[in-house]
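Trainee: Sharing a structure here in structure tokens format.
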Amino acid sequence: MLSALRHRAAELGDRAVHLRTETYRDALRQVDEPLEVCHPTSRRAREFVRGLDRVAVLPPRGFVTAQPDFVAWADERRGALRMEDFYRYARRLHDVLMDDDVPVSGRWNLDADNRQPPPKGATRLDVPDPPEIVEDDIDAQVREDLDRWAAEGIEFVGRDGPRRFPATRAEALARLRHFVDHRLALFGPYGDAMLSTDPAMAHSMLSAAFNLGLLDPMEAVRSAERAHRVDGAPLSSVEGFVRQLIGWRDFVWHLYWYFDAGYRSSNRLAANRSIPAWFADIDADAVQASCLSDVLAGVRDRGWVHHIPRLMVLGNYGLQRGWRPGELVDWFHRSFVDGYEWVMTANVVGMSQYADLGRMSTRPYAAGGAYVNRMSDYCGGCRYDPRHRLGVDACPFTAGYWAFLDRARDRLGGNVRMTRSLRQLEQIDDLPAVLAQEQARGPHAP
Ligand code: SF4
């Protein structure tokens, strides 16, 4: 963020005044004129700027659907809000991948054609790496400042490393073009797969660039749509990418403002355990479970892993253990390069931890080791066995899955999408032993 801000100030030259002060208020004291500010990305910041004299708050930027349109759409529903429903509304509203009034190919969502496990035996996907980022003097200055602040006692998350994400419009555009030309085709089929030696796979890794305002999501959407219509890029990949942007990303942004401030502390599965220190400190080396250790190392070293490690490894583990959703929101917010309160609130509280009991998701994203085994290459080299729920090699995800269902069974009983899983739970004869084992494991790193 600092690098992007300083690069932009340098690009603007004498058209910009870049004030470096301890606080925002200190900077405001140095300016006499009336000011405009882009709509902030957290409630606290919005309250702050709204309370300032002579500062006008502009509408939000960097999203596709305008706030009044979302509110009108959501008010009409009056009940649970579903991304898929909003996504179709947005496709029509913005005329994306539409042939007149019908979706291209006649289907709105081609996810069923995707969701493939990684290619057998592969250690990486057959796609070229994104264009490299070359650091410059501005990055060197940012590094110096960060080192100085660390020496002064400010605590930072993760390990230092090269800048991996765009901080200028030129870098972001180069990454977008490269993604559309070389990586998009495999994004769809392998979007949910994980490979220990290929963390990026065919993901665009552009979320930080959208959040920083270096790219407009609609230009990426149009570029992907063109790739399909003109160059024949596979529709399942293009549709999946478009859904992430005008569907999911916009949806969680609008939900952040649409739900009241109390939504962030929803905890309807009564998850009351604190996040243990090894997780809070991203101590990947303390963890023996291959999947969790590797994903934590990715967060520590890159500040980024793609959406499935976030949801099905990190979030799934926390859900199974009953960690407080609010603490997880904070953790994701501070640990990820694209972490903002607006993006993590609905994603973690609603989707990953199901702490709102279905206001935005139809079921909790809880899964055992079989899911990780199917969708990754982690289990082969792990000291645990994804098939075992009991014993020294019991997979913590498999055992944790049943322990979670047992704990949440009363609250999930009315959910038809959980009926099958809850019925399976009834048939597990060694459940008391599994629960005792998980109790003994407690908050220790698996
Ligand atoms: Fe993860 Fe369990 Fe597979 Fe080990 S066996 S990698 S803990 S899912």
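The values are calculated or read from the model by the stated rules, or taken from the named source; none is laboratory data. All of these numbers come straight from a predicted model, not from anything done at the bench. Cβ sites come from the backbone with ideal geometry, for glycine too, and all protein chains shown count toward neighbours.
Trainee: Hey, ASP377 hits all of (1) within 16 Å of the ligand (Cβ to nearest atom); (2) without any contact (Cβ under 8 Å) to a residue 24 or more places away in the chain but one; which does it fall short on?
Mentor: Among (1) within 16 Å of the ligand (Cβ to nearest atom); (2) without any contact (Cβ under 8 Å) to a residue 24 or more places away in the chain, ASP377 violates only (2).
Trainee: One residue is enough: does the range 99-121 have a residue meeting the conditions more than 23 Å from the chain's Cα centre (by Cα) and among the basic types (Lys, Arg)? Write out each step before concluding.
Mentor: Step one: filter the range 99-121 for residues more than 23 Å from the chain's Cα centre (by Cα), giving 99-107, 119-121.
Still in the running and among the basic types (Lys, Arg): 107, 120.
Yes, there is a match, as at least one residue in the range 99-121 is more than 23 Å from the chain's Cα centre (by Cα) and among the basic types (Lys, Arg).
Trainee: Can you pull out every residue in the range 17-48 that is hydrophobic (A, V, I, L, M, F, W, C), farther than 23 Å from ASP338 by Cα and surrounded by 11 or more Cβ atoms within 10 Å (Cβ to Cβ)?
Mentor: LEU19, ALA27, LEU28, VAL31, LEU35
Trainee: Between LEU314, LEU245, LEU292, LEU296, which is out of contact with any Cys (no Cβ under 7 Å at 6 or more places or on another chain), under 24 Å from GLU76 (Cβ atoms) and buried (at least 21 other Cβ atoms within 10 Å of the Cβ)? Steps first, please.
Mentor: Details: LEU314 fails: under 24 Å from GLU76 (Cβ atoms); LEU292 fails: under 24 Å from GLU76 (Cβ atoms); LEU296 fails: under 24 Å from GLU76 (Cβ atoms).
Exactly one of LEU314, LEU245, LEU292, LEU296 is out of contact with any Cys (no Cβ under 7 Å at 6 or more places or on another chain), under 24 Å from GLU76 (Cβ atoms) and buried (at least 21 other Cβ atoms within 10 Å of the Cβ), namely LEU245.
Trainee: So which of VAL337, VAL287, VAL343, VAL313 ends up being within 15 Å of the chain's Cα centre (by Cα), within 16 Å of the ligand (Cβ to nearest atom) and of a type in the set (Val, Ile, Thr)?
Mentor: Working: VAL337 fails: within 16 Å of the ligand (Cβ to nearest atom); VAL287 fails: within 15 Å of the chain's Cα centre (by Cα); VAL343 fails: within 16 Å of the ligand (Cβ to nearest atom).
Just a single option satisfies the conditions, and that option is VAL313.
Trainee: A further question follows. Within the range 64-158, considering only helices (runs of 4 or more DSSP H) that don't extend past its boundaries, which have at least 1 residues that are small (Gly, Ala, Ser) and without any contact (Cβ under 8 Å) to a residue 24 or more places away in the chain?
Mentor: Values: elements: 67-77, 83-94, 137-151.
Because the criterion is at least 1 residues that are small (Gly, Ala, Ser) and without any contact (Cβ under 8 Å) to a residue 24 or more places away in the chain, the helices (runs of 4 or more DSSP H) in the range 64-158 that meet it are 67-77, 137-151.
Trainee: Tell me, which helices (runs of 4 or more DSSP H) wholly within the range 271-355 include 3 or more residues that are over 24 Å from ARG389 (Cβ atoms) and either out of contact with any Phe, Trp or Tyr (no Cβ under 6 Å at 6 or more places or on another chain) or not assigned by TED's automatic domain parsing to the domain that holds CYS379 (or both)? Break it down stepwise before answering.
Mentor: Values: elements: 277-280, 290-302, 316-321, 325-335, 341-344.
Of the helices (runs of 4 or more DSSP H) lying wholly inside the range 271-355, those with at least 3 residues that are over 24 Å from ARG389 (Cβ atoms) and either out of contact with any Phe, Trp or Tyr (no Cβ under 6 Å at 6 or more places or on another chain) or not assigned by TED's automatic domain parsing to the domain that holds CYS379 (or both) span 290-302, 325-335.
Trainee: Please pick out the residue among ARG417, ARG359 that is more than 14 Å from the ligand (Cβ to nearest atom), within 27 Å of GLN244 (Cβ to Cβ) and out of contact with any helix residue (DSSP H, G or I) (no Cβ under 9 Å at 6 or more places or on another chain).
Mentor: On the way: ARG359 fails: out of contact with any helix residue (DSSP H, G or I) (no Cβ under 9 Å at 6 or more places or on another chain).
When all the criteria are applied, what remains is ARG417.
Trainee: Identify, please: which residue in the range 380-393 is basic (Lys, Arg) and more than 8 Å from the ligand (Cβ to nearest atom) and is, among those, surrounded by the fewest Cβ atoms within 10 Å (Cβ to Cβ)?
Mentor: Step one: filter the range 380-393 for residues basic (Lys, Arg), giving 383, 387, 389.
Now restrict to residues that are more than 8 Å from the ligand (Cβ to nearest atom): 387, 389.
Values: ARG387: 14, ARG389: 25.
So, considering only residues that are basic (Lys, Arg) and more than 8 Å from the ligand (Cβ to nearest atom), the one surrounded by the fewest Cβ atoms within 10 Å (Cβ to Cβ) is ARG387.
Trainee: Can you tell me which residue among ALA27, ALA16, ALA56, ALA4 is modelled with pLDDT of 90 or more, of a type in the set (Gly, Ala, Ser), within 30 Å of ASP260 (Cβ to Cβ) and out of contact with any His (no Cβ under 7 Å at 6 or more places or on another chain)?
Mentor: Details: ALA27 fails: within 30 Å of ASP260 (Cβ to Cβ); ALA16 fails: within 30 Å of ASP260 (Cβ to Cβ); ALA4 fails: within 30 Å of ASP260 (Cβ to Cβ).
Unique residue meeting the criteria: ALA56.
Trainee: Just wondering, is there one or more residues in the range 224-241 that are at pLDDT 95 or above, within 19 Å of the chain's Cα centre (by Cα) and surrounded by fewer than 21 Cβ atoms within 10 Å (Cβ to Cβ)?
Mentor: no
Trainee: Further question: Scan the helices (runs of 4 or more DSSP H) fully inside the range 182-231 and keep the ones with 3 or more residues being aliphatic (A, V, I, L, M).
Mentor: Values: elements: 184-190, 207-211, 217-229.
Those helices (runs of 4 or more DSSP H) span 184-190, 217-229.
Trainee: Considering each of ARG302, ARG411 in turn, give the residue that is farther than 24 Å from LEU81 by Cα and away from the ligand (no atom under 16 Å from the Cβ).
Mentor: Working: ARG411 fails: farther than 24 Å from LEU81 by Cα.
ARG302 is the lone residue from the list that is farther than 24 Å from LEU81 by Cα and away from the ligand (no atom under 16 Å from the Cβ).
Trainee: Now for a different question. Out of VAL329, VAL337, report the one residue that is over 22 Å from ALA200 (Cα atoms), in contact (Cβ under 8 Å) with a residue 60 or more places away in the chain and of a type in the set (A, V, I, L, M, F, W, C).
Mentor: Values: VAL337 fails: over 22 Å from ALA200 (Cα atoms).
Every option except VAL329 fails the conditions.
Trainee: State yes or no: is ASP406 within 29 Å of the chain's Cα centre (by Cα), surrounded by fewer than 18 Cβ atoms within 10 Å (Cβ to Cβ) and away from the ligand (no atom under 16 Å from the Cβ)?
Mentor: Working: within 29 Å of the chain's Cα centre (by Cα): yes; surrounded by fewer than 18 Cβ atoms within 10 Å (Cβ to Cβ): yes; away from the ligand (no atom under 16 Å from the Cβ): yes.
Yes.
Trainee: Okay, next question. Of (1) farther than 18 Å from ASP111 by Cα; (2) of a type outside the set (Lys, Arg); (3) in contact (Cβ under 8 Å) with a residue 12 or more places away in the chain, VAL230 satisfies all except one. Which?
Mentor: (3)
Per-residue answers, yes or no, for (1) under 28 Å from PRO118 (Cα atoms); (2) in contact with a Lys or Arg (Cβ under 8 Å, 6 or more places away or on another chain); (3) not β-branched (Val, Ile, Thr):
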site	(1), (2), (3)
ALA367	yes, no, yes
ALA370	yes, yes, yes
TYR378	yes, no, yes
ALA408	no, no, yes
ASN415	no, yes, yes
THR419	no, no, no
ASP430	no, yes, yes
ARG441	no, no, yes
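Trainee: For GLY400, work out the one condition from (1) more than 25 Å from SER196 (Cα to Cα); (2) within 12 Å of the ligand (Cβ to nearest atom) it doesn't fulfil.
Mentor: So GLY400 meets the others, but not (1).
Trainee: Something else now. Within the group LEU319, LEU292, which residue is within 16 Å of the ligand (Cβ to nearest atom), touching a helix residue (DSSP H, G or I) at 6+ places or on another chain (Cβ under 9 Å) and more than 26 Å from PHE165 (Cβ to Cβ)? Please lay out each step first, then the result.
Mentor: On the way: LEU292 fails: more than 26 Å from PHE165 (Cβ to Cβ).
Step by step, each of LEU319, LEU292 is checked, and only LEU319 is within 16 Å of the ligand (Cβ to nearest atom), touching a helix residue (DSSP H, G or I) at 6+ places or on another chain (Cβ under 9 Å) and more than 26 Å from PHE165 (Cβ to Cβ).
Trainee: Just one of (1) in contact with an Asp or Glu (Cβ under 7 Å, 6 or more places away or on another chain); (2) small (Gly, Ala, Ser); (3) part of a loop (DSSP other than H, G, I, E, B); (4) modelled with pLDDT of 95 or more trips up GLY161, so point out which.
Mentor: With respect to (1) in contact with an Asp or Glu (Cβ under 7 Å, 6 or more places away or on another chain); (2) small (Gly, Ala, Ser); (3) part of a loop (DSSP other than H, G, I, E, B); (4) modelled with pLDDT of 95 or more, GLY161 is out only on (4).
Trainee: Give the residues of the range 253-294 that are without any contact (Cβ under 8 Å) to a residue 60 or more places away in the chain and among the β-branched types (Val, Ile, Thr), sorted by residue number.
Mentor: Listed by number, the list holds a single entry, ILE275.
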